Structure formats: structure tokens, C-alpha cells
Amino acid sequence: MTSTVPDTSDGISPRPAEQRRVLAVLVGAQILSGAGLAAGITVGALLAQDMLGSTGLAGLPSALFTAGSALAAVTIGRISQARGRRPGLAAGYLTGAVGSAGVIAAAVVDNPVLLFIALFVYGAGTATNLQARYAGADLAAPAHRARAVSTVLVATTLGGVVGPNLAAPTGDLADRLGIPTLAGPFLLAGVAYALAALVLAVWLRPDPLLLSRSLDLRQPTQAGVNKTRGPGLIPGALTMILTQLVMVAIMTMTPVHMHDHGHGTTSSGLVIAIHVGAMYLPSPLTGWLVDRYGRTPIAAASGLTLLAAGITAAAAPADSVVVLALALALLGLGWNLGLVSGTAMITDAVPPATRAKTQGMVDVSIAIAGATGGLSSGLVVSAAGYPVLALTGGVLALAVLPAIAVSASSR
């Protein structure tokens with residue numbers, strides 16, 4: 001029987017109108033969720049340090065909400081596999097909103113146990129924010145797959161940059177409401193995640209994964225796409241796992257490092273805003289590079305960029321906001337290069353019939369890597385200092401290179 005599925009080897013989506021609508025809705029939701037995501041990054045470690053009185057456990061919040069994102073990634077992947085992207089993503093963001101409310105409650109009653117539980121639940125927002133990138137690629141042609149992923153990622157930039165810079169104003173609002181200052185940004189996170197869930201639940205129609213599956217778009221087998229564009233599932237997963245581990249470890253302890261050297265939440269919020277901007281803003285260029293030059297070279301570039309970030313952070317004077325901001329910008333860029341190239345590799349390698357479940361499991365590994373980075377970061381800084389953490393992370397990122405080289409040579 002002759003297939004009725006349009007040929008997408010020329011870079012044209014089989015359903016261009018539906019793909020444009022899907023991307024528009026995802027962009028709106030990502031702008032909102034970016035603010036929720038960045039709020040926890042900015043003050044999570046500081047809140048734990050304030051409640052526990054210990055720098056050694058300041059990395060625990062990052063580890064907890066990253067571990068929570070691992071569980072959420074499995075759940076979102078399974079819901080999406082069974083029912084589609086719309087219910088999976090909406091449920092994830094709603095769970096993140098519940099976690100934000102729990103963090104606020106924990107701060108009010110000064111209960112560290114409740115804080116840790118709430119941060120674990122809050123991690124669902126992080127998982128959902130990342131899983132949304134896959135929805136952008138479901139209906140994309142292989143030649144435009146990385147650019148579709150990048151469109152969803154770049155939408156996070158606006159909320160991600162605005163969110164940390166609202167740390168001080170939301171802290172003031174929290175004071176007026178009788179809530180501890182450092183819990184203020186979680187007010188923003190809760191509202192932002194809830195609105196993102198609403199946007200997706202109401203407007204993400206048609207469901208991109210269900211439509212892709214109905215069209216039976218087994219794109220990776222067409223026109224030699226895999227041979228020319230990427231080495232496959234395992235290298236893509238390894239690239240994202242390593243970049244996530246290094247990025248989370250250094251990012252988590254930067255606000256704590258700045259706080260310990262006399263910088264306020266405004267300065268640390270600015271540095272994190274620049275970092276989050278660098279994580280997402282270069283996405284259109286990264287997507288074009290991945291589609292134009294292939295997955296492997298850009299994945300390798302991510303490791304080198306993260307090395308540069310680690311060296312810069314380690315060498316930065318403690319009183320220099322500018323140099324720390326540069327280091328965190330490089331850190332975000334390296335993460336972006338790894339995420340876009342790795343996502344494209346995985347989407348190329350997995351057909352629509354099993355795509356959501358496989359992507360969810362890959363994101364579990366990414367989340368576990370991030371949790372490991374977050375938890376170990378506080379211990380390393382407590383024992384050896386921030387420069388040692390930064391330099392170690394940069395060197396570790398180079399492990400991307402042999403992983404990519406081995407996979408490329410085996411093709």
C-alpha cells in the first residue's frame with residue numbers, strides 16, 4: 001500500500017498549520033513556566049541555608065527538586081505515552097504549582113522537613129519545562145527538528161530572565177504578607193506554573209504526539225537522516241546527562257558563593273538571570289547549527305564551552321559580579337548546546353509509537369545527574385571551596401568528547 005504520509009525529507013512539516021499552532025501554545029506556556037523555574041534556582045539554596053544554618057547542605061534543595069523532576073519525568077512520559085502531550089504537560093506544571101505552595105508553607109512554619117518534601121514536588125515543574133521541548137519536535141520534519149526544539153526552549157528565556165530579577169520585589173511582597181522574604185519568589189513560581197498548566201490544558205490542540213502517531217511519522221528512517229545527522233539514543237542521552245550534572249553543580253552554589261562574599265539577592269538574581277538567559281536565548285542559533293552541521297559537532301562544542309565556564313568561574317575574583325556573570329553565561333551556553341543536540345539525537349532515533357516513554361526515561365537519567373550535581377556541590381564547596389567545584393565541573397564536562405567520538409567512529 002502506498003503511504004499517504006507526506007514526504008518530509010525536504011524540511012516541510014506534514015501538518016504545517018498544526019505545527020505552527022502547537023509551537024505558539026508551547027511558547028506561551030514556556031514563557032510562564034520559565035519564571036517559575038528560575039525562582040527556585042535563585043533562592044532555593046539560600047532558603048535552605050537560612051533554615052539549616054549550614055552551607056554544606058545548601059545544595060540539597062537543588063538535589064531535591066531535581067530528584068523530584070526525575071519521578072515527574074517518568075510520570076509525564078507515561079501519561080503522554082498513553083494520553084498525549086497535553087494532559088502530561090498540564091499535570092506536570094500543576095504539580096509544580098502545588099510544590100511552590102508547599103515551599104511557602106514550610107517557610108512560614110519554619111519546618112525543614114516540609115521544605116524538603118515541597119521542593120521534591122516543586123521539581124515537577126522543572127521536568128515539565130524540559131519535556132515540553134519534545135512536544136515541539138513531534139510534528140517537525142527531520143531537517144527542522146532541532147530548530148523546533150529551540151523555538152520551545154527560547155520561549156523560556158523571557159520568564160527565566162524576568163523571574164530572578166523579581167526576587168527582591170517578591171521578597172518585599174512576601175514581607176507584607178507575613179511570609180519569610182526568601183520564600184517570595186515561590187509566590188511567583190506557583191502562579192506561573194498554574195497559568196502554564198491552564199494554557200496547555202485549554203489550547204494545546206491538536207495534541208502533537210497523538211497526531212504524529214496517527215500519521216505514523218517514522219522520520220529517522222527516511223533519506224538517511226540518522227547517517228548524516230546524529231549518532232543515536234545513547235550518545236544523545238550521555239551528552240545531556242553530563243551537561244546537566246556540570247551545569248546544576250556550578251549554578252546551584254554560585255548564589256551561595258556570592259552571598260558568602262557579601263553580595264545581596266539583587267546581584268545573585270542578576271547573575272542567575274544572565275545564566276538562565278544563556279541557557280535558552282541562544283536556542284535558535286543552536287538549533288540552526290545542529291540542523292546545518294549535524295548533532296555530533298555541536299555536542300562536542302558543549303563540552304568545551306562548559307570547560308571554559310568552569311575555568312572562568314574558578315578564576316573569578318569573589319567580589320567581581322561581572323566575571324561570575326560571564327562564567328554563568330558560558331555555563332548556560334554549554335548546557336544549551338548539549339541539550340539541543342542531544343534532544344535531536346534522541347528524537348531522530350525513536351519512532352512516535354514509543355517516543356514519549358523513551359524520552360521520559362532519558363529525562364529521568366538527566367534529572368538524576370542534576371540531583372547528583374546539586375547534592376554534591378554543597379559538600380564540595382564546604383570541603384574545598386567554590387573554585388575547586390567550578391574547575392572540577394569544567395574538566396568533567398570533557399567526558400562528552402570521548403563519548404561522542406566513540407559513537408561517531410562506530411557508525
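The values are calculated or read from the model by the stated rules, or taken from the named source; none is laboratory data. A quick note: this is a predicted structure, and the numbers were derived from the prediction, not measured. Cβ placement follows ideal geometry from the backbone for every residue including glycine, while neighbour counts extend to all protein chains displayed.
Looking across the stretch 287-312, the residues that are surrounded by fewer than 20 Cβ atoms within 10 Å (Cβ to Cβ), farther than 19 Å from Gly277 by Cα and of a type outside the set (Phe, Trp, Tyr) come down to Arg292, Gly294, Pro297, Leu304, Ile311.
Screening Thr55 with (1) farther than 24 Å from Leu328 by Cα; (2) modelled with pLDDT under 80; (3) of a type in the set (Val, Ile, Thr) gives one miss only, at (1). Of all residues in the stretch 313-324, those being surrounded by 21 or more Cβ atoms within 10 Å (Cβ to Cβ) and in a helix (DSSP H, G or I) number 2. For the condition under 28 Å from Gln49 (Cβ atoms), of a type in the set (Gly, Ala, Ser), modelled with pLDDT under 90 and in contact with a Ser or Thr (Cβ under 6 Å, 6 or more places away or on another chain), Gly334 does not qualify.
When you check Ala73 against the structure, is it without any contact (Cβ under 8 Å) to a residue 60 or more places away in the chain, buried (at least 24 other Cβ atoms within 10 Å of the Cβ) and among the aliphatic types (A, V, I, L, M), yes or no?
Considered against the rule, which asks whether it is without any contact (Cβ under 8 Å) to a residue 60 or more places away in the chain, buried (at least 24 other Cβ atoms within 10 Å of the Cβ) and among the aliphatic types (A, V, I, L, M), Ala73 comes out as no.
May I ask you to say which residue of Ala349, Ala344 is out of contact with any Lys or Arg (no Cβ under 8 Å at 6 or more places or on another chain) and touching a residue at least 24 places away in the same chain (Cβ under 8 Å)? None of the other options fit; the residue is Ala349.
Within the stretch 290-303, the set of residues being touching a residue at least 24 places away in the same chain (Cβ under 8 Å) and in a helix (DSSP H, G or I) comprises Val290, Asp291, Arg295, Thr296, Ile298, Ala299, Ala300, Ala301, Ser302, Gly303.
For the stretch 146-169, the set of residues classified as farther than 30 Å from Ser341 by Cβ and surrounded by fewer than 24 Cβ atoms within 10 Å (Cβ to Cβ) consists of Leu166, Ala168, Pro169, listed by residue number.
Just the residues that are among the β-branched types (Val, Ile, Thr), in contact with a helix residue (DSSP H, G or I) (Cβ under 6 Å, 6 or more places away or on another chain) and part of a helix (DSSP H, G or I), please, taken from the stretch 345-371.
Step one: list which residues in the stretch 345-371 are among the β-branched types (Val, Ile, Thr), which gives 346-347, 350, 354, 358, 362, 364, 366, 368.
Right, trim to in contact with a helix residue (DSSP H, G or I) (Cβ under 6 Å, 6 or more places away or on another chain) and you get 346-347, 350, 362, 364, 366, 368.
Scanning the stretch 345-371 gives Ile346, Thr347, Val362, Val364, Ile366, Ile368.
Within the stretch 335-344, identify whether any single residue is assigned to a helix (DSSP H, G or I), among the aromatic types (Phe, Trp, Tyr) and farther than 17 Å from Gly236 by Cα, and answer yes or no. There is no residue in the stretch 335-344 that is assigned to a helix (DSSP H, G or I), among the aromatic types (Phe, Trp, Tyr) and farther than 17 Å from Gly236 by Cα. For the stretch 174-186, the condition of being in contact (Cβ under 8 Å) with a residue 60 or more places away in the chain and under 19 Å from the mean Cα position of the chain (by Cα) holds for at least one residue.
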